[in-house]
C-alpha cells in the first residue's frame, strides 16, 4: 500500500507554504474587481463604484504522505498559526506572499501514513514578481538548451549516411548554410540593427531610439556603441565564414547554431534582436531531384541543413522573447501569435521528418515562451483609441489622459506625429 501511495504522490504537483511542502491534488481561485453597489430610491439601475482589484484568493486541496506526514502536518499547523503572511509556492501560479485564512486536515479512516489537507489563502502583495519572471526566463533557457541539443543530434543522425558519400555531399550542406549565413551578415549590418544598438544610450533620444527591454548603459556613448556593433559584426562574419570550412556534420551543426546567437548577442535591444532574427527563420534549400544515390544524398543533406538553420534562428528568437518587454497586452498577444505560429510550423516539419526529439523539444520550448509572454501581457494595460477635436501638444494629452506629463514620449512614439506639438486628432494609447 505504501508503495502505491508513494507512486501516486509522484504523479501530482508539488507546493509549499512557509517552506513546508505538500502534494497538490487540485486548486482553484477567485478574481475580479471590488465594486461597491450604491442603490437609490425610485431608480431601477444601481451605480457600481469600482474600488480597485478584488483580493486574489486561492483554494488548495492536497495531502501529506509518508512516515513523516504527521510531522509535516504539525509544521503546517504552526505555519498556519504564525502571525503575518507567508510565501506560497503554487505549482502553476508561482511564488507569492499570501495570508493563510483557513487550514484543515483530515486523516483517512483505516489508512496510515497519509493526511489530506485543505487551505484557503489570500494574496497580500506579490513581492516576488521579478523572481517569477526570472524563473520563466530560466525555463525558456532550459528548454532552449534542450532544443539546441536535440536539433544538433537529429541533424547529425539524419546526415550520417549522406555525408559518408564524400566531400561533394558535405559541400552541398555547407553551401546551404553559407547562403543562409549571408542573411545573418546582412541583418547585423541593417539599419534596424544599428538603430537597436543605440537603445543602451542614456537619456531621452526621441521616438526613433529605444526599444522593449534594453538595459541602459550610463557610460555608453555613440562612438562606443557603434564600435561594439562593428566588433560584433566582425564576429558574425567570422562565424558565417567558418560554415564553409566545416569538416563534418558535427562541426557544421555547431557553426550553424552559433551564427544566430552571435547576431542576438551583438544587439542589446531585445526588440531589435527579434526584428533581425525573424528573417533568418526562413530557409529553404533548392533540392534537385535525382535517382542516383549520391543525388539523393545531396538532397537529404541540403534539406536537413536548411531545417537546422531555421531551428537555430528559432532558438535565438525564443531567447530574445524571454528578454523582450511588451508595452501593452496587445503587443504581447501579437508576439505570442507570431512566435507560436513559427514554432508550430517547425514542430510539424520535425514530426513529418521523423525527428521526434526535435518535435518534443520544440513543443516544450513553445509552451515556455507562450507562458512567459502571457504572464507579461496579463500585467499590462490594453490599447484604446484617443479622439480629440483639435491637434493638441503631447504634454497636454499626457496630462489629460494620465495626469503625468512624463508619459508624453510614449504618446509620441505611438502616434508618430509630424511634430509633438500637433498630435493627431485620433491615435492609439495605453488605457492606463
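Here are the numbers:
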read-out	value
Filter pass, residue 98 being modelled with pLDDT under 90 and either outside any strand (DSSP E or B) or surrounded by fewer than 13 Cβ atoms within 10 Å (Cβ to Cβ) (or both)	no
Condition check for residue 64: assigned by TED's automatic domain parsing to the domain that holds residue 117, in contact with a strand residue (DSSP E or B) (Cβ under 8 Å, 6 or more places away or on another chain) and buried (at least 17 other Cβ atoms within 10 Å of the Cβ)	yes
Residue match in segment 380-397 (condition: loosely packed, with under 15 Cβ neighbours inside 10 Å, within 23 Å of the chain's Cα centre (by Cα), in a loop (DSSP other than H, G, I, E, B) and modelled with pLDDT under 80)	yes
Residue, surrounded by the most Cβ atoms within 10 Å (Cβ to Cβ), within segment 165-199, restricted to residues that are without any contact (Cβ under 8 Å) to a residue 24 or more places away in the chain and under 16 Å from residue 278 (Cβ atoms)	186
Residue under evaluation residue 70, criteria (1) surrounded by 14 or more Cβ atoms within 10 Å (Cβ to Cβ); (2) under 37 Å from the mean Cα position of the chain (by Cα), criterion not met	(2)
Total residues in segment 359-374, condition in contact (Cβ under 8 Å) with a residue 60 or more places away in the chain and crowded, with 16+ Cβ neighbours inside 10 Å	8
Answer from 320, 408 - the residue that is without any contact (Cβ under 8 Å) to a residue 40 or more places away in the chain and under 27 Å from residue 268 (Cα atoms)	408
Within segment 418-432, considering residues that are farther than 18 Å from residue 326 by Cβ and touching a residue at least 24 places away in the same chain (Cβ under 8 Å), the one nearest to the chain's Cα centre (by Cα)	427
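The values are calculated or read from the model by the stated rules, or taken from the named source; none is laboratory data. Because the structure is a prediction, the values reported are computed rather than measured. Cβ sites come from the backbone with ideal geometry, for glycine too, and all protein chains shown count toward neighbours.
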